[in-house]
Amino acid sequence: MAETTQGKSAAGRKVRKAVLPAAGLGTRFLPATKAQPKEMLTVVDKPQIQYVVEECAVSGIEHIIIVTGKGKNAIEDHFDYSPTLERFLEERGKIEQAAMVRKISDMVQVSYTRQKEPLGLGHAVLVARDLVGDEPFAVLLGDVLIPGPNPATKQLIDVYAATGVGAIAVEEVPKERTHLYGVIDGESAPQPPFGARLLRIRDVVEKPKPENAPSNLAITGRYVLPPQIFDCLARTKPGAGNEIQLTDALRILAQEDGLWAYIYDGASYDAGDKLGFLKATVEIALQNPEFGGEFREYLKGLNF
Ligand code: G1P
């Protein structure tokens with residue numbers, strides 16, 4: 001593993017930036033996504049992308065780069081100031097609501113860039129190259145929600161800070177679902193303080209059939225990567241679905257610079273899928289301090 005050759009000081013390992021690919025057309029969620037970005041679909045009381053931006057803020061990210069495309073203006077508006085709305089709320093004494101609206105825009109700095117053609121997740125990350133520059137960064141997929149007090153992104157940042165080697169979050173999935181994910185071939189590489197959660201990646205395969213999957217550890221949609229990934233992406237040819245896959249560039253990175261898989265502590269929802277979205281909505285609503293208890297009673301009273 002190349003941790004000794006990275007030559008980065010602790011300060012050079014600070015992960016300040018995150019890339020959020022948000023250019024996809026959201027075809028899994030039609031018709032809801034015909035005229036609105038999938039990232040703006042609401043889970044309980046917030047658009048999905050706000051959960052992901054909040055995960056970044058709690059993880060210490062200072063600057064988020066959102067890679068958008070056509071029809072995604074609502075995302076920019078959501079993270080911009082809304083003077084008219086804030087004044088309206090303040091004039092009516094709704095000070096807390098006004099502050100909540102303002103906080104959404106003040107969480108972190110956000111920049112936008114566009115992916116002009118739908119050439120794949122890897123291409124979307126490559127589009128952010130200039131804005132990221134020569135420093136490590138996180139990637140968070142907007143339709144994967146991982147609620148909880150200890151964000152997966154923060155866990156990966158801790159691995160990178162300790163080792164200077166990129167790390168991607170993985171979790172176990174049933175064997176029959178491997179065709180929906182990138183799947184890793186890893187060898188156990190326990191080390192304090194991460195213990196058996198840490199694996200050294202030997203290979204990664206994008207969306208393998210169950211019989212070809214090297215394991216049942218799937219890539220979750222959270223990554224912390226060194227800037228070398230951009231060179232790997234630039235060398236990556238179209239793969240699964242004829243798209244430039246981030247997973248294929250990760251394979252090159254793993255071979256050339258090393259890469260950790262980290263079995264993160266937490267649970268994810270694939271909110272880009274209708275059933276996953278419903279599960280996320282129900283479970284996040286049950287935790288809501290305002291109406292979670294009442295909602296639980298309501299669910300208990302349903303006759304199935
Ligand atoms: C993407 C990645 C895949 C990863 C998945 C997580 O696939 O390509 O490696 O496992 O996200 O949700 P997508 O779901 O965008 O097809």
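Could you check segment 161-174 and list, in sequence order, the residues that are over 11 Å from Gly258 (Cβ atoms) and buried (at least 24 other Cβ atoms within 10 Å of the Cβ)?
Ile168, Ala169, Val170
Every residue, every condition in (1) of a type in the set (Lys, Arg); (2) touching a Leu at 6+ places or on another chain (Cβ under 7 Å); (3) under 27 Å from Gly241 (Cα atoms), yes or no:
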{"position": "Val110", "(1), (2), (3)": "no, no, no"}
{"position": "Lys116", "(1), (2), (3)": "yes, no, yes"}
{"position": "Ala124", "(1), (2), (3)": "no, no, yes"}
{"position": "Val132", "(1), (2), (3)": "no, no, yes"}
{"position": "Pro151", "(1), (2), (3)": "no, no, no"}
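Out of Ala267, Ala254, Ala280, report the one residue that is of a type in the set (A, V, I, L, M) and part of a loop (DSSP other than H, G, I, E, B).
Ala267
Across segment 216-248, which residue is farthest from the ligand (Cβ to nearest atom) among those that are closer than 11 Å to Gly166 by Cβ and crowded, with 19+ Cβ neighbours inside 10 Å?
Across segment 216-248, the extreme among qualifying residues is Pro226.
Identify all residues within segment 83-133 that are of a type in the set (Val, Ile, Thr) and within 30 Å of Gly182 (Cα to Cα); write none if there are none.
If the condition is that a residue be of a type in the set (Val, Ile, Thr) and within 30 Å of Gly182 (Cα to Cα), then Val108, Val110, Thr113, Val125, Val127, Val132 are the ones that fit.
Counting only residues that are closer than 19 Å to Phe79 by Cβ and not hydroxyl-bearing (Ser, Thr, Tyr), give me the strands (runs of 3 or more DSSP E) lying completely in segment 108-182 with at least 3 of them.
The strands (runs of 3 or more DSSP E) meeting that bar are 109-114, 137-140.
Tally time: how many residues in segment 171-184 are within 9 Å of the ligand (Cβ to nearest atom) and closer than 30 Å to Glu135 by Cβ?
Qualifying residue count for the region: 3.
Coordinate-derived values only; no laboratory data. Since this is a predicted model, take the numbers as computed values, not measurements. Note that we place each Cβ from the backbone using ideal geometry, even for glycine, and neighbour counts take in every protein chain shown.
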